[in-house]
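The values are calculated or read from the model by the stated rules, or taken from the named source; none is laboratory data. Everything numeric here is computed off the predicted structure, so don't read it as measured data. Heads up, the Cβs are rebuilt from the backbone with ideal geometry, glycines too, and the neighbour counts pull from every protein chain shown. Quick note on the areas: whole protein, heavy atoms, side chains included, nothing else; ligands and nucleic acids left out. Shrake-Rupley method; radii C 1.70, N 1.55, O 1.52, S 1.80 Å.
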Amino acid sequence: MNSIPLLDLAQQYQQLKHELDQAVLQVMVSGRYIGGESVLTFEREFAEYLGTNHCVSCNSGTDALFLALRALDIGPGDQVVTTPFTFIATVEMISAVGATPVFVDIDPETFNLDLEQLALLLAEAGPAQPKAILPVHLFGRPLDMTTLMGLAREYGIPVIEDCAQATGATWDGQRVGSFGTMGCFSFFPTKNLGAFGDGGAIATDDPQLAQRLRSLKEHGATRRYYHEEIGINSRLDALQAAILRVKLGYLESWNQQRRQVAARYQQLLAPLPDLYLPSDVPGHVWNQYSLRLGASHDRDRLRSRLQELGVGTMVYYPTPLHSQPVYRHLGYAEGDFPVTEAVCGQVLSLPMFPQLKPEQQKQILYHLKQFLLEP
Ligand SMILES: *Cc1c(COP(=O)(O)O)cnc(C)c1O
């Protein structure tokens, strides 16, 4: 039996081996390993792709979030609204700048922020408005940015989009990351546009913010060896930039292939009992295919059975962030975000990558059927 991994990055490399090898060699031969042509060109090309005026590259998606929060002068005493159903980095960076995360529950259909609850929170906040809203386009599904930006404008609150899982996603024909004050991207290998190591970027239309971000990521320097504030060292390597330039050219077709993989799952899995399939929306880029299992299914048993059969699965994410030990001090209790809490117990991500074949998906269906339909 052939095993089916959750994702297959080596296969993607084989597909582009020649181009990637050339790009990496060129950087190695050039002798320019920090900054330089490949980084600047990638920033320009990525901004163009997103439709923003500026792109500032950095070392990771985590750093992108940190830098964006710092660029808005968010710090101790400030509140930032976000989701309890995301990767820790989103919330962790709010804490890293000294601010306090404020959670709003998610919509079980989209896994993204529940915008009605967000509207309620803002309406009730009175003069104690949050300093920023930090929504996440989770699993590649774009959040309804029309509604979100409407709320943000109404209350005059800046928006930092966490686009780590949604590179290339669009809402109403516009790229995510280009709606908010800033959009943060990750080029971690498993993301839709992945490097061969860490990488990240911040997109913005605001030239002053772009300049501030550049200073912050270079030790707070406004010119060489002249430091106006405390910053960090956060760089996208020239090698990674060269790799990303090659892969950016394939992103649209890969995202299209992801949509085809998702559509096949939707069709294949629809007849199975007590499964809640993820809902689709135009512009979705399917970083993950995450479904919810009904109460009649035992997730742990299913996962270990699939693992025995060579099918990779993952639970993104098993524990809500408000229930994490590190956030005990925020004083949230179980039951505060019932949708997130329920979803954490139900979600299961199936293999998802552009090159996943129909035969492999049928094999996954076969295994799932065996398990789910057994008495
Ligand atoms: C991956 C991820 C990040 C962090 O990106 P890194 O490049 O790994 O630092 C932040 N937010 C979300 C939602 C992510 O999935």
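Points to keep in mind about this one:
- Just one of the listed residues (ARG223, ARG235) is outside the structural domain of LEU368 (by TED's automatic domain parsing) and modelled with pLDDT under 95, and it is ARG223.
- Qualifying residue in the stretch 43-63 (condition: within 16 Å of the ligand (Cβ to nearest atom), of a type in the set (D, E, K, R) and open to solvent by 10 Å² or more (accessible area, probe 1.4 Å)): yes
- Residue pairs meeting the criteria (Cβ under 8 Å; at least 6 apart or on separate chains; first touching a residue at least 40 places away in the same chain (Cβ under 8 Å), in the stretch 168-180; second among the small types (Gly, Ala, Ser) and open to solvent by 40 Å² or more (accessible area, probe 1.4 Å)): GLN174/GLY51; ARG175/GLY51; SER178/GLY51
- The stretch 172-192, subset away from the ligand (no atom under 11 Å from the Cβ) and farther than 19 Å from VAL91 by Cα, residue surrounded by the most Cβ atoms within 10 Å (Cβ to Cβ): VAL176
- Within the stretch 109-123, tally of residues that are closer than 19 Å to LEU275 by Cα and open to solvent by 50 Å² or more (accessible area, probe 1.4 Å): 1
- Scanning the stretch 316-331 for residues that are hydrophobic (A, V, I, L, M, F, W, C) and open to solvent by 30 Å² or more (accessible area, probe 1.4 Å) yields VAL326, LEU330.
- Check on ASP78, within 15 Å of the ligand (Cβ to nearest atom) and either at positive phi or in the same structural domain as ILE157 (by TED's automatic domain parsing) (or both): no
- Count of residues meeting criterion [touching a residue at least 24 places away in the same chain (Cβ under 8 Å) and assigned to a loop (DSSP other than H, G, I, E, B)] in the stretch 295-331: 12
- Qualifying positions in the stretch 263-293 - within 24 Å of HIS137 (Cα to Cα) and assigned to a loop (DSSP other than H, G, I, E, B): LEU277, PRO278, SER279, ASP280, VAL281, PRO282, GLY283, HIS284, VAL285, TRP286, ASN287, GLN288
- Selected residue [without any contact (Cβ under 8 Å) to a residue 40 or more places away in the chain, aliphatic (A, V, I, L, M) and either surrounded by 16 or more Cβ atoms within 10 Å (Cβ to Cβ) or within 16 Å of the ligand (Cβ to nearest atom) (or both)] from ALA99, ALA23, ALA89, ALA71: ALA99
- For THR146, the conditions (1) in contact with a Phe, Trp or Tyr (Cβ under 8 Å, 6 or more places away or on another chain); (2) within 13 Å of the ligand (Cβ to nearest atom); (3) open to solvent by 10 Å² or more (accessible area, probe 1.4 Å) all hold with the exception of (2).
- Residue check for ARG259: assigned to a helix (DSSP H, G or I), under 18 Å from VAL39 (Cα atoms) and not polar (S, T, N, Q): no
- Exclusive hit being without any contact (Cβ under 8 Å) to a residue 40 or more places away in the chain, under 26 Å from VAL91 (Cβ atoms) and either surrounded by 13 or more Cβ atoms within 10 Å (Cβ to Cβ) or in contact with a Leu (Cβ under 8 Å, 6 or more places away or on another chain) (or both), set GLU229, GLU334: GLU229
- Any hit, the stretch 209-219, residues being open to solvent by less than 60 Å² (accessible area, probe 1.4 Å), modelled with pLDDT of 95 or more, in the same structural domain as PRO84 (by TED's automatic domain parsing) and outside any helix (DSSP H, G or I): yes
- The listed residue being of a type in the set (D, E, K, R), open to solvent by 20 Å² or more (accessible area, probe 1.4 Å) and closer than 25 Å to ILE4 by Cα, out of ARG223, ARG259: ARG259
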